[in-house]
Amino acid sequence: MSFTSRSTKKHHERVEFPLNCSVAALQGKKCPNKYPSDFEPDESSTETCPDYFRWIHQDLQQWKTSGITEDMIERGKASAHFRLVIVGGNVYVEKYTRPYQTRDVFTKWGILQLLRLYPGKVPDLDLLFYSGDETKIMRSDYQGPNSTLAPPLFHYCGSEETLDIVFPDWTFWGWAEVNIMPWEDMLRAIKKGRKRTKWEQREPYAFWKGNPHVAKNRLDLMKCNLSDQYDWNVRLYYKNWSKVVDEGFNNSKLEDQCTYRSMVPMQHYWPIRRQDKCRDLKFAVEWGNNHTQQAQDIGKAGSKFIEEILTMRNVYDYMFHLLNEYSKLLKYKPTVPSKARRICVESTACKQKGVWKEFLFRSLVKSPSNKPPCELPPPYEPQAIQASMDKIDNIDKQVENWGNVYWNKLNDTNQ
């Protein structure tokens, strides 16, 4: 589902409740006593949400029968960075441990924007959030006849082995520490950067830039870099973020990375195995260099997905439906924890400085939506999920076989 530039422009021009830090300071209040609570969209008809919204049902399936109790929330506190409660349209947060950088700030900011986009529509709820890198709630720990019920934990990522509830990444509202702008600004910059160099003129290598010391797989990836002994057709760059900050991010803008060919495949990406990544990467680049039109088609499909499906409107609608479906599972009425404090856009943004404050203001929702949220599609049928997994597995095997043929021929030539 895509949204026209006309509707997007109308949404941003209908300013109804802007953020005014000076007024908040003069009144001596961090949060206004009353926020707009009426949602009156101009359009009554709704569109069906993109197909990936169906995974909301799957992520919450663990608690469909049991529901979610206060005891589950209490037991999950040890795994969370903070607890967030919405009561009567107001947001309250109880902090547990300090997260990395300001991920929690931008995550909570995103939820506050959702309440401004759809005032009065987000139900009362009580949730736990973890903002680290690794998944937390292992599925295997809650299986068997004597196992306890798993605590619900919202997180930026999930896997087949875990029960973490996937929530949009904080970077949609900006990652100030590494100068990644809010998503709408970042997308415009990437689209502009992509036009600087034609596809045929881009560097014929797989490209990666980042900090390899945050994960074992990244450290292993660095073995694939150019060396005196071998060229895997990969260019990997260690990024010292402290130095980057001091240099003003001059060589670290995402929009400037578009001179490298992006190996994203069969439709949107190219599968790379963790256990044989160097050989897989070299073959992927060789295949792309010898099948330029097909590689370009894959790149265009990936770009189209990002530009038309991964819109901020869809991000907010995904959040809305996830939180709405989650709230239906609560077996108790949410109340404000004794140690929680209320947060709002004023208390969150007005105290920030520099690029942190800039990004918060740039990602501010200034007015309610002119249309209701998209309609959540029904859950996937179990056979549909299996068919999708089988399709992906077959594609992976096909690419693996192509790679084996490539390396066998290369070995025969060198003998």
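The values are calculated or read from the model by the stated rules, or taken from the named source; none is laboratory data. These numbers come from a predicted model, not from an experiment. Here the Cβ positions follow ideal geometry from the backbone for every residue, glycine too, while neighbour counts run over all protein chains shown. Only protein heavy atoms, including side chains, enter the accessible area calculation; ligands, DNA and RNA are left aside. Shrake-Rupley method; radii C 1.70, N 1.55, O 1.52, S 1.80 Å.
Every condition in (1) out of contact with any strand residue (DSSP E or B) (no Cβ under 6 Å at 6 or more places or on another chain); (2) modelled with pLDDT under 90 holds for V355 except the one numbered (2). Annotation note: of D133, D71, D124, the sole residue that is surrounded by fewer than 16 Cβ atoms within 10 Å (Cβ to Cβ), touching a strand residue (DSSP E or B) at 6+ places or on another chain (Cβ under 6 Å) and in the same structural domain as S327 (by the TED database) is D124.
Within segment 352-408, the set of residues being in a loop (DSSP other than H, G, I, E, B), farther than 20 Å from Q61 by Cβ and open to solvent by 60 Å² or more (accessible area, probe 1.4 Å) comprises K353, K366.
Looking at M186, is it in a helix (DSSP H, G or I), in contact with a Leu (Cβ under 7 Å, 6 or more places away or on another chain) and surrounded by fewer than 18 Cβ atoms within 10 Å (Cβ to Cβ)? No; evaluated as a whole, the condition is false for this residue.
Within segment 38-86, can you find the residues that are aromatic (F, W, Y) and not in a helix (DSSP H, G or I)? Walk me through how you get there before you give the answer.
In the first step, residues of segment 38-86 are kept if they are aromatic (F, W, Y); the result is 39, 52-53, 55, 63, 82.
The answer is F39, F82.
One residue stands out among those in segment 108-142 that are in a loop (DSSP other than H, G, I, E, B), touching a Leu at 6+ places or on another chain (Cβ under 7 Å) and modelled with pLDDT of 95 or more: the one that is nearest to I343 (Cα to Cα), which is V122. Here A206 fulfils each of the conditions (1) open to solvent by 60 Å² or more (accessible area, probe 1.4 Å); (2) in contact with a helix residue (DSSP H, G or I) (Cβ under 6 Å, 6 or more places away or on another chain) apart from (1). For segment 143-171, a residue qualifies if it is closer than 23 Å to M186 by Cβ and in a loop (DSSP other than H, G, I, E, B), and the qualifying residues are Y156, C157, F167, P168, D169. Is there any pair with a first residue in segment 312-332 that is farther than 18 Å from L112 by Cβ and a second that is of a type in the set (V, I, T) and not in a helix (DSSP H, G or I) whose Cβ atoms are under 7 Å apart and which are 6 or more apart or on different chains, and what are they? That search, which allows pairs on different chains as well, returns L329/I68; L330/I68; K331/I68; K331/T69; Y332/T69.
Taking the criterion of being part of a loop (DSSP other than H, G, I, E, B) and touching a helix residue (DSSP H, G or I) at 6+ places or on another chain (Cβ under 8 Å), the residues of segment 335-351 that qualify are C344, C350.
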